[in-house]
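S.K.: Sharing a structure here in structure tokens format.
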Amino acid sequence: PMHNQWPGGHLLPRSLESVEIQLGGTKESVCVNAEWFRLNVGDETLVPVRVDAGIPEGLDAEGRAEECATEEMKLADWIEDCASRSQGRGYLKDWHLVQLLKSKSDSSKWSLYTTPDIFERDLLNSFLERYCGSDYKFVYWGPSGSRTKLHSDVLHSFSWSYNVVGRKKWTFYTPDTDGRVFSVIQEAGECIFVPSLWKHEVENLVQTLSINHNWVTSANIDLTWECLQSEMGSIEKELAAWGLPEDDWESREMMLKGCCGLNVTMLFLMILLELVELLNSLSGETVTDSSGEEYDCSVSIFRLENVFRSVLDEGSTIARIGAVLKSDNLARGIARYADETMQHIQVTYDG
């Protein structure tokens, strides 16, 4: 298969199906290729290193890890710090490496990998990359002993994590009534899938470099909406204490995006655009395929429509859109288009 050079010293297949260690001409070394980062990222580039700030271990009310503070550190300092100790208190994580590389030069040069087919259907990152210049695609790089404390993933998303170099220990706590706990050792070249709402903690057993994506599909979009609704309630309590006006929707949307990386306006438009694309696929405008794909599209439309109606019925949605877009007329036009789309779905599927 076609390969791209990955900084772990591996030749990484675009599909992430396998990995070939080729560092310094030997198969024994499993170290991160720090020189690749120096050359392509730059010693002076600041990277987000999480450090243990003495915060008690545990979860906040939304299931997020209360674990550490973030320090901006020069890459050269991080590489030296990482190499100088066998056990590290710092962890370079939630690093938008691909975004960074694209911003530094020709984006076509930095196709470091492509998402495996099984994880490819992704409403969240496709929308964020296309319209917002952001993503939930990260690189994690930590020394032996660095860890992520117990948490569940942002936006109640799915996540997957691929080890380029190193070894991790994952401990999962299932959300069912039995509350089962089990651990998995992840080796280099292996990928872990984390379902929505599964709390987990992760420890790097050796120096480890990994690719991590959070992503949302029609299968868990309802949970993402529940997460936003919960965060909206928390924000309302804060704003009430501050005495902000009840109709200050722009501030509410800004705070929601700051907390979650997503707000009601973004979720609304993300679902609407996906519904339109799926309807076009079924009409033959973009895809003419087997009945299996038609079934997948229909199931996705059904799931997305239910959540979309809930978002549309939330009393403040159109006002929020108008505040973000700074145009009430545009918001009303989008609302009319959304209603027409819902009517089209109803005619198509309900006869």
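The values are calculated or read from the model by the stated rules, or taken from the named source; none is laboratory data. Keep in mind the model is a prediction, meaning the values are calculated, not measured. For neighbour counting, all protein chains shown are included, and Cβ atoms are generated from backbone atoms with ideal geometry for every residue, glycine included. The protein model used for the area step is the full one, side chains on, heavy atoms only, and it has no ligands, DNA or RNA in it. Shrake-Rupley method; radii C 1.70, N 1.55, O 1.52, S 1.80 Å.
S.K.: What do you reckon, is Arg180 closer than 30 Å to Leu112 by Cβ, open to solvent by 60 Å² or more (accessible area, probe 1.4 Å) and not hydrophobic (A, V, I, L, M, F, W, C)?
M.R.: no
S.K.: Just to verify a result, which residue in the stretch 248-264, among those that are assigned to a helix (DSSP H, G or I) and among the charged types (D, E, K, R), is most open to solvent (accessible area, probe 1.4 Å)?
M.R.: That would be Lys257.
S.K.: Let me ask you something else. Which of the following residues is modelled with pLDDT of 80 or more and open to solvent by 90 Å² or more (accessible area, probe 1.4 Å): Glu80, Glu129?
M.R.: Exactly one of Glu80, Glu129 is modelled with pLDDT of 80 or more and open to solvent by 90 Å² or more (accessible area, probe 1.4 Å), namely Glu80.
S.K.: Of the residues that make up the stretch 181-202, is at least one in contact with a strand residue (DSSP E or B) (Cβ under 6 Å, 6 or more places away or on another chain), hydroxyl-bearing (Ser, Thr, Tyr), within 20 Å of Asn220 (Cβ to Cβ) and part of a strand (DSSP E or B)?
M.R.: There is no residue in the stretch 181-202 that is in contact with a strand residue (DSSP E or B) (Cβ under 6 Å, 6 or more places away or on another chain), hydroxyl-bearing (Ser, Thr, Tyr), within 20 Å of Asn220 (Cβ to Cβ) and part of a strand (DSSP E or B).
S.K.: Ok, one more. Would you mind stating whether Tyr349 is open to solvent by 60 Å² or more (accessible area, probe 1.4 Å), assigned to a helix (DSSP H, G or I), in contact with a helix residue (DSSP H, G or I) (Cβ under 8 Å, 6 or more places away or on another chain) and at pLDDT 95 or above?
M.R.: No: the conditions fail for Tyr349.
S.K.: Continuing with this model, one more query. Contact list please: Cβ distance under 7 Å, first residue in the stretch 338-349 and of a type outside the set (A, V, I, L, M), second residue surrounded by fewer than 16 Cβ atoms within 10 Å (Cβ to Cβ), pairs at least six apart or on different chains.
M.R.: Thr341/Val276
S.K.: Does the stretch 310-326 contain any residue that is at pLDDT 95 or above and open to solvent by 70 Å² or more (accessible area, probe 1.4 Å)?
M.R.: Yes.
S.K.: Within the stretch 142-172, how many residues turn out to be in a helix (DSSP H, G or I) and either small (Gly, Ala, Ser) or open to solvent by 10 Å² or more (accessible area, probe 1.4 Å) (or both)?
M.R.: Summing the residues that are in a helix (DSSP H, G or I) and either small (Gly, Ala, Ser) or open to solvent by 10 Å² or more (accessible area, probe 1.4 Å) (or both) in the stretch 142-172 gives 2.
S.K.: What are the residues in the stretch 83-101 that are open to solvent by 40 Å² or more (accessible area, probe 1.4 Å), at pLDDT below 85 and either under 20 Å from Lys168 (Cα atoms) or not polar (S, T, N, Q) (or both), if any?
M.R.: Ala83, Arg85, Ser86, Gln87, Arg89
S.K.: Separate question: For the stretch 208-222, how many residues meet the condition of being assigned to a strand (DSSP E or B), polar (S, T, N, Q), under 21 Å from Asp135 (Cβ atoms) and open to solvent by less than 10 Å² (accessible area, probe 1.4 Å)?
M.R.: So the answer is 1.
S.K.: Return the total of residues in the stretch 185-207 being crowded, with 20+ Cβ neighbours inside 10 Å and more than 22 Å from Val154 (Cα to Cα).
M.R.: Looking only at that region, the number is 2.
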